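One structure is given here, and the rest of the page talks about it.
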Amino acid sequence: DKKPNFHGLTKANMNELHHSYGSRYGTTSVPKYKISSKGLDAAATYQIIHDELALDGSPTLNLASFVHTWMPPEADKLFQENVSKNLIDSDEYPATQALHTRCISILADLWHAPSAKNAIGTATTGSSEAIQLGGLAMKKIWQAKRKAAGKSIHEPGPNIVMGANAQVALEKFARYFDVECRLVPVSVESHYRLDANKIMEYVDENTIGVYIILGSTYTGHYEPVKEISDLLDEYEATSGNYVPIHVDAASGGFIAPFATPKLLWDFKLPRVVSINTSGHKFGLAYVGVGWVIWRDKAHLPKELIFELHYLGSVEYSFSLNFSRPAAPIIAQYFNLIHLGFEGYRAVALDDLRNARILSRALEASKYYTVLSDIHRKIGGPSQTLENGSEDDPELYHPGLPVVSFRFSDEFKERHPEIQQRWIQTLLRTKGWIVPNYELPPALEQIEILRVVVRENMTAVLVDQLVADLMEVTESLAKSGTSAHSLVALDHIAHNRSKVEHHAGGLEKGSGNQSSGTYARTC
């Protein structure tokens, strides 16, 4: 059945933009879905678009996103001054290219590359592009070794191993570049992440590499890079098959080096050949910048590097995009200089501290069970340091400042009629965006709510979130609450009629059947 479109009740023409400022600026209506014959005054155009964008949510209250949304005024000024620069044109912008190179050297050194001078890397649009490049490099190296040994690269073909908790970009690589995707099931015992006890069942001579995630999208857990590296060392010693590791540190790449510098996950492990991160997540830059670094030039095949001669000088490119805005890279360099190690560490520790505050409050309420572990001490609840500090991250299980939680078994037993996704709906009415979704295959019967604690999520906001969360939870638990009305509210929230038609868009059912992971298809 076709959903009703209640916007038609106004009798307005939804194919045109009418604006309350029209008479002031002397403008008439303009078409929405085709270009108008005459343009508008710049001021009128700005006001129309500015007001329509007011319907967007508040970035501060969007607790679903990892993406950073604030920088100091000085960084804003730099960003605006350089917004027109194209990074690829190094002949015109040599100083910008120098900053790009410095960022790569800084990250290579931060991640303990054997030699920051010999490491190689590039800025990307984000971690999605960086992951494709890391996977392509491993695939090309695997193909070269197979050809040198006189073996087929087509039968049975390459495969790549990752946890079933993989983010969409990892599965995209496998699908887009014709690599078999081998998903290792996750479990409660594996802490909802890649299971080191099962991974070797999925590795063979055709495995081009293993994607290991430093910060699962679901729960924020770090996957055991060192443990899996040791297993692959043993496998190579007995089989002769070399299987490299690419670390997807989209979020953890800017948390682990500062919060838990003793943790072994990076280029200190010889089997880690490449690492990616998102500068626009915990790198604290504006959206549009990611990074991929290879431990040395030997692990970036030359066939992925293109030599260019038509921009005024000889240049080299090994990214999927060509033109790329330089402003986000400059913003990243600003942070590296402005914050330094101690500044990034202070932000990371503050984020983790606030995430622990939220975790403990949720568990104290008895309404919720927290699945993430960053608030749990490695040595048990009574563990302390000599200085008595409770904030030292070395006390706790390492991970991202992410809090994943669900209804407690006791709450579900007492209130079986309450659906957890109603919490997402009701929090949205208070402005908070807190997603509710299923865990990966084998655990898809478990739904979780997830909060990403970013720099702007202060202790005051954490306190308000807890208060609002307790209010909506207790209101649902009251005997007088009408479950029927909540079902109706949930239906409205998830099936909101839209004034916009979907010209050029995809309808429901247009994509492939879901694989069941977080990377589920459309």
From the mean inverse distance of alpha carbon pairs (Kirkwood) and the Cα radius of gyration, derive Rg over Rh for region 74-191. 1.08
Excluding same-chain residues fewer than 8 positions from Lys262, which lysines have a Cα within less than 19 Å of its Cα? Lys226, Lys377
Hey, with R₀ at 60 Å, roughly what FRET efficiency would Thr429 and Lys140 work out to, going by the Cβ-Cβ distance, to 0.05? 0.75
Under the rule a/c < 1.5 gives rounded, and otherwise a/b versus b/c splits prolate from oblate, where does region 308-437 land using the Cα gyration tensor? oblate
At R0 = 45 Å, how high is the FRET efficiency between Ala442 and Lys366 if r is their beta carbon distance? Nearest 0.05 is fine. 0.95
Which value in deg cm²/dmol, rounded to the nearest 500, describes the helix-derived mean residue ellipticity at 222 nm for the chain, given -39,500 (n - 2.57) per DSSP H run of n ≥ 4 and division by the residue count? -11000 deg cm²/dmol
Determine how large the accessible area of Asp41 is when every protein chain is in place; take a 1.4 Å probe and give Å² rounded to the nearest 10. 80
Taking every eigenvalue of the Cα gyration tensor of region 314-375, multiplying by 5 and rooting it, what semi-axes result, largest first, whole Å? 39, 17, 9
Taking N as the number of residues in the chain, what value does Rg over Cα atoms divided by 2.2 N^0.38 Å take? 1.06
Provide, as a two-decimal number, the C-alpha radius of gyration of region 154-285 over 2.2 N^0.38 Å, N being how many residues it has. 1.02
Roughly speaking, to the nearest percent, how much of the chain's 1.4 Å accessible area is carbon and sulfur? 54
Are there DSSP H segments in the chain that both extend 18 Å or more along their axis (alpha-carbon positions) and score a mean Kyte-Doolittle hydropathy of at least -1.0? List them, or say none. 94-110, 127-148, 225-239, 327-365, 459-477
Run through region 112-189 and list the GluC sites (Glu not before Pro) located in a DSSP loop whose Cβ has at most 13 other Cβ atoms within 10 Å. Glu189
Gyration tensor on Cα atoms of region 222-330, a ≥ b ≥ c root eigenvalues, a/c under 1.5 rounded, else prolate if a/b beats b/c, else oblate, says oblate
With a 28 Å threshold on alpha-carbon distance, the violating pairs from Lys172/Lys412; Lys85/Lys139; Lys145/Lys268; Lys147/Lys281; Lys198/Lys302 are Lys172/Lys412; Lys85/Lys139; Lys147/Lys281; Lys198/Lys302
Assuming a ≥ b ≥ c are the square roots of the Cα gyration tensor eigenvalues, decide whether region 42-107 counts as rounded (a/c under 1.5), prolate (otherwise, with a/b larger than b/c) or oblate. oblate
Checking rank on 448-456, 158-166, 299-307, with mean other Cβ inside 10 Å and highest first, the result is 158-166, 448-456, 299-307
Sequence of Arg146, Arg175 when ordered by accessible area, the most exposed leading, probe 1.4 angstrom: Arg175, Arg146
Any idea of the accessible area per residue across the chain, 1.4 Å probe, to the nearest Å²? 49
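The values are calculated or read from the model by the stated rules, or taken from the named source; none is laboratory data. It should be emphasised that the depicted structure is a prediction, and the values quoted were computed from it without experimental measurement. Every residue, glycine as well, gets a Cβ built from its backbone with ideal geometry; the counts of neighbours run over all protein chains shown. To get the accessible areas, we keep the full protein, side chains included, count just its heavy atoms, and leave off ligands, DNA and RNA. Shrake-Rupley method; radii C 1.70, N 1.55, O 1.52, S 1.80 Å.
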